[in-house]
Structure formats: C-alpha cells, structure tokens
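Each value in this text was obtained by applying a stated rule to the coordinates, not by laboratory testing. Quick caveat, the model's predicted, so the values are computed rather than measured. Neighbour counts are summed over all protein chains in view; Cβ atoms, including those assigned to glycine, are modelled from backbone coordinates with ideal geometry.
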Amino acid sequence: MTTVLIVLLLVVLGVLAWGVGAYNGFVRSRNVIQESWRQIDVELNRRYDLIPNLVETVRGYAAHERNTLEQITALRNQARALAGQNSGQPSEQRAAVESELTQAVHNLLVSVEAYPDLKSNTNFLELQRELTDTEDRIAAARRFYNANVRDYNTRIESVPSNIIAGFAKFEKATYFEVNDPAVRQAPGVNFGEISQRPTAAPQVGQGLGQEPPVQAPQIQQQPFEQER
C-alpha cells in the first residue's frame, strides 16, 4: 500500500513539474515574440521618419512622380495610424498596408533612374542607403519574429502542451507577413528569360553550327522518300 502511494505521489509530482515547465515555456516564448516584434516596430517607425524626407527630396527633382509621392505619403500616414490603434501590435490590416508601402517605395526608387540629377544628389543617395538598410533589417526581424510565432503556435496546438495552453488561456500569436511583389517577381523574370532561349534560338540562329545537325535530317528525308 505504501509503495502504491509513493508511486502515485511521484506521478503527481512529475505531472505538476511538467505542467510548471510547460507553463514557463509558454511565458518565455511569449516574451521572446513580444521582444522580436518590438525590433520590427522600431524599424517600421524609422521608415516612417525617413519617408517624408525622401518625398521632399524627390519632389524637387521629379515633379512628374507626383501621384507616386502622394500615394507613399498616404500609405505612410495610414500605417502609422494603424500602429497607434493597435498599440504597436501586428495585425493583418497593418501588414497589408505595410506591404503596399514597401512596394510603393520600391517603385519610386526604380523610377528615379530616369532622373540623373536626382541620382547624383547626395541627400537622396544617403536617404536611399538608409531606406535600403532599414528594409533589410525589417525583413530579417520579420523572419525571426515569424519563426518564433510558428514555434509558439505549434506548441499551443500540440498534445499534451495544448492542455496547459488552454488552462492558462495562452492564445495563438499573429504572424506579420508582408508580401513584396518585387521579391516574388525576381525569380519569375529569370526563369522566363531562360525558358525563351530554346524557342528563340532556331529562329535567329539557323545558320549557326549548332543547328544543322538537328535540322538536316528533317530536310533530307522528304526528297529521299519521294525517290522510293
């Protein structure tokens, strides 16, 4: 009887120890997610501060980009307003606006290639460098944040840790996913160029040394069959 009680006591203590460990693990993961999000938020706010200077600099050299500049300003103000509404927390709506803002800034930096005077402006070059560095840090911080969110949410959904998550009311964290069309299109353009080369080669290079071995048998078969 005593042995049974000791075994039961050890089992209970083991379950309690596991429950405390699982709870503390959720707390640590949640704190890491909050800290990693703050890194993103700092960089996003830095971009908000850089954009007005970029807009004013470009406006002085590229008046024809007025619509793009107005769009960037509107998206920047909208993103900053959403950050204030959500107390700096991530949301799908804010992620969507940040995605549009990223693409708008990217399009503007591409369009300035048509303005040599602007490209040589020291202030613009410095702003461009700072924005590029900021975008790189945002992307790196976002990957780190989303990786922590994935691990945390997996534990919440997994058995038996989901028991502790439900009992302690740990809720799933929100991903911060920004779709950058510029990044998505880069591989597509490269593959498109590669896929076009085989079809273009026979039309342009029929006189090249690489083509006759392939085409010659097809041309010679027809008269040879007629003689038979």
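Net length available on complete extension from Thr73 to Glu177 is 35.3 nm, with 0.36 nm assigned per residue and the Cα-Cα distance removed. Where Lys and Arg each count +1 and Asp and Glu each count -1, what net charge lies around Ala83 among other residues with Cβ under 13 Å from its Cβ? The answer is +2.
Approximating the spin labels as points 7 Å out from Cα along Cα→Cβ, the Met1-to-Gln85 distance works out to 6.8 nm. If you take all other residues with their beta carbon under 15 Å from the beta carbon of Ile33, and give Lys and Arg +1 and Asp and Glu -1, the sum is +3. Does anything in the stretch 62-101 have its amide N under 15 Å from the 7 Å Cα→Cβ label point of Ala114, and if so which residues? 62-69, by backbone N distance to the label point. With Cα atoms as the point set, the stretch 12-135 shows a radius of gyration and Dmax of 20.6, 75 Å.
Sites listed here are trypsin sites (Lys or Arg not before Pro) in the stretch 94-152 whose DSSP assignment is loop and whose Cβ has at most 11 other Cβ atoms within 10 Å, and the list is empty. Net length available on complete extension from Asn123 to Leu16 is 32.4 nm, with 0.36 nm assigned per residue and the Cα-Cα distance removed. In this structure, Asn45 and Ser158 have a Cβ-Cβ separation that, at R0 = 35 Å, corresponds to a calculated FRET efficiency of about 0.50.
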